Structure formats: C-alpha cells, structure tokens
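Below is one structure, written out as structure tokens; the observations come after it.
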Amino acid sequence: MDNCLFCKIIKKEIPKEFDYESENLVVFPDINPSADSHLLIVPKKHIGGVEELSQDNKDLLAEIYETANALVKKKNLQNSLYRIVVNGGKAQHVPHLHFHFLGGQWKKMV
Ligand code: 5GP
Ligand code: ZN
C-alpha cells in the first residue's frame, strides 16, 4: 500500500536489516525498543489491523506464532520473560498489522 511505512520497509524502499524473512513475513528490530529484545513480526501483505483479519489469514497467523516460537527458543527465553503484543485502534500507531515480540526485561509499555 502506498504511503505505508511498513510496506515501504518490506519493499526495501526504506533500508532495514531483517532478522528473518519468509515468503509471507519479515522480522526486524523496533526502532524505539521497549525491551531488551524488541522485534516486530510483520506480514508482507498489507493488513491494516486485527479488525481486518478473516479465515483467509489463518495460515499466516499460524506462521506468525511459529516464528514467535522459534524466537523464544533462539533467544532461550522459555524460562525467562517474553511477551507478544498487538496494538489496535487508537493504541496502534503504524496501520499495518504487526506483532511486537518483547524479550527480557521491558522498559515501558508498547
Ligand atoms: P504500534 O503502536 O503501531 O503498535 O507500534 C509501532 C511500532 O513501530 C513502535 O514500537 C515504533 O517504535 C515502531 N516504529 C515506528 N517507526 C519505525 C521505523 O521506521 N522502523 C522501525 N524499525 N520501527 C518503527
Ligand atoms: Zn502496509
């Protein structure tokens, strides 16, 4: 979608190192981290937010949580602290669906 920050990052119009990339999603660090490790799991397809999700997205949602599962294991957070947060409505500042992966001590609310 034109003028969407995360679409521009996904299309590499804005340079960004990806921690992980698949056919359907990318993972990159949040520019303003709220935890020791703060990554964003972002579908490549432009979906505005949770309210736009449907049955058509069930494979994508499974892949997002499989990715989160892999991050927990990669960062060895099973017995430590981690959260997965999705903001919506007026709590969401970038209108392209994304999942905050927060590992370790968090510093502030996302
Ligand atoms: P939201 O409030 O929409 O759930 O979260 C948006 C997140 O995107 C915020 O945590 C913010 O720090 C992050 N963010 C905003 N602009 C950029 C950017 O240009 N690059 C990256 N990597 N993260 C961004
Ligand atoms: Zn977008």
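Structure summary
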quantity: Single residue of 34, 22 found to be within 13 Å of ligand 1 (Cβ to nearest atom), among the hydroxyl-bearing types (Ser, Thr, Tyr) and at negative phi; calculated: 34
quantity: Yes/no for residue 51 being more than 16 Å from residue 5 (Cβ to Cβ), charged (D, E, K, R) and within 14 Å of ligand 1 (Cβ to nearest atom); calculated: yes
quantity: The listed residue being of a type in the set (S, T, N, Q), open to solvent by less than 60 Å² (accessible area, probe 1.4 Å) and within 14 Å of ligand 1 (Cβ to nearest atom), out of 87, 57; calculated: 87
quantity: Index of the failed condition, residue 77 passing every other in (1) within 15 Å of the chain's Cα centre (by Cα); (2) closer than 12 Å to residue 37 by Cα; calculated: (1)
quantity: Cβ-Cβ under 6 Å pairs, at least 6 apart or on other chains, segment 16-31 side closer than 18 Å to residue 60 by Cβ, far side modelled with pLDDT under 95 and within 11 Å of ligand 1 (Cβ to nearest atom); calculated: 28/16
quantity: Condition met for residue 50 (crowded, with 16+ Cβ neighbours inside 10 Å and either of a type in the set (Asp, Glu) or out of contact with any Pro (no Cβ under 8 Å at 6 or more places or on another chain) (or both)); calculated: no
quantity: Some residue of segment 30-37 being more than 11 Å from residue 97 (Cα to Cα), of a type in the set (A, V, I, L, M) and either at pLDDT 95 or above or surrounded by 12 or more Cβ atoms within 10 Å (Cβ to Cβ) (or both); calculated: yes
quantity: Residue satisfying all of: in segment 90-110; open to solvent by 80 Å² or more (accessible area, probe 1.4 Å) and within 11 Å of ligand 1 (Cβ to nearest atom); nearest to residue 42 (Cα to Cα) among these; calculated: 95
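The values are calculated or read from the model by the stated rules, or taken from the named source; none is laboratory data. The shown structure was predicted, so the numbers you read here are calculated from the model rather than taken from an experiment. Using ideal geometry, Cβ is built from the backbone for each residue, glycine included, and neighbour counts are taken over all protein chains shown. Accessible surface areas use protein heavy atoms only, side chains included; no ligands, DNA or RNA. Shrake-Rupley method; radii C 1.70, N 1.55, O 1.52, S 1.80 Å.
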